[in-house]
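As structure tokens, the structure follows; a few thoughts come after it.
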């Protein structure tokens, strides 16, 4: 009697995503992100969308945010419109966008008036310098967390492309449009080749 074959490996189940958000939920969620987003909303957007509400997986967030880099305008604004429209159409995009920009516009208008009057105070300048340092730390933290899916999957090619773009822009100071014109076709070609080889 032939020995029993070993049981097939069961793939790890994906983290279940939450139900699509309503228009009100989109507005409130992005309003909270914008109010917490000192130094940039990206940190809080990823935390709220992926970790807290589970509206997207980490991979989906990275792919959507990468797409928004290639669209004209601020990346996080593009992401907000794409994200809201994905779940609730144009109305969802408007709701998310309104939540993102509405509260900060009101706050920055008030702070601008106060800064115009008290901006020469040395203590205030030191406080703003400290806020700038904290913003850099938050940005580094979110970049590391966005890279984790590539590290977990041991995506060597993706990490190499990531490192090459960082060196080209961050260290060599090459123009961003030039780097993107080179990096985008290479990334698409590599992805197409690897998926085609995987299905062969």
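Readers should treat all values here as calculations from the given coordinates under stated rules, not as data from a laboratory. These figures come from a predicted structure and were not determined experimentally. No Cβ is skipped: glycine too gets one built from the backbone with ideal geometry, and neighbour counts run over all protein chains shown.
Quick notes
- Acute angle (nearest 10 degrees) that the helix 75-118 long axis makes with the longest principal axis of the chain, alpha-carbon atoms: 30
- Anisotropy class of region 59-177 from Cα gyration tensor, a/c 1.5 cut: oblate
- Among 80, 109, the order by Cβ neighbours within 10 angstrom, fewest to most, reads 109, 80.
- The chain: relative contact order as a whole-number percent, Cα under 8 Å and 6+ apart: 21
- Overall dimensions of region 13-124, expressed as equivalent-ellipsoid semi-axes from the Cα gyration tensor (√(5λ), whole Å, largest first), are 29, 15, 14.
- Extent along the principal axes, Cα only, for region 68-125: 46, 23, 15 Å, with the longest axis given first.
- For 155, 51, the sequence from fewest to most other C-beta atoms within 10 Å is 51, 155.
- With helices as the sole contributors, the chain gives -24500 deg cm²/dmol at 222 nm; each DSSP H run of n ≥ 4 counts as -39500 (n - 2.57), and the sum is divided by every residue.
- Value of Rg to Rh for the chain, rounded to two decimals, is 1.07; Kirkwood radius and Rg both from alpha-carbon coordinates.
- Cα gyration tensor category, rounded, prolate or oblate, for region 155-200 with a/c compared to 1.5: oblate
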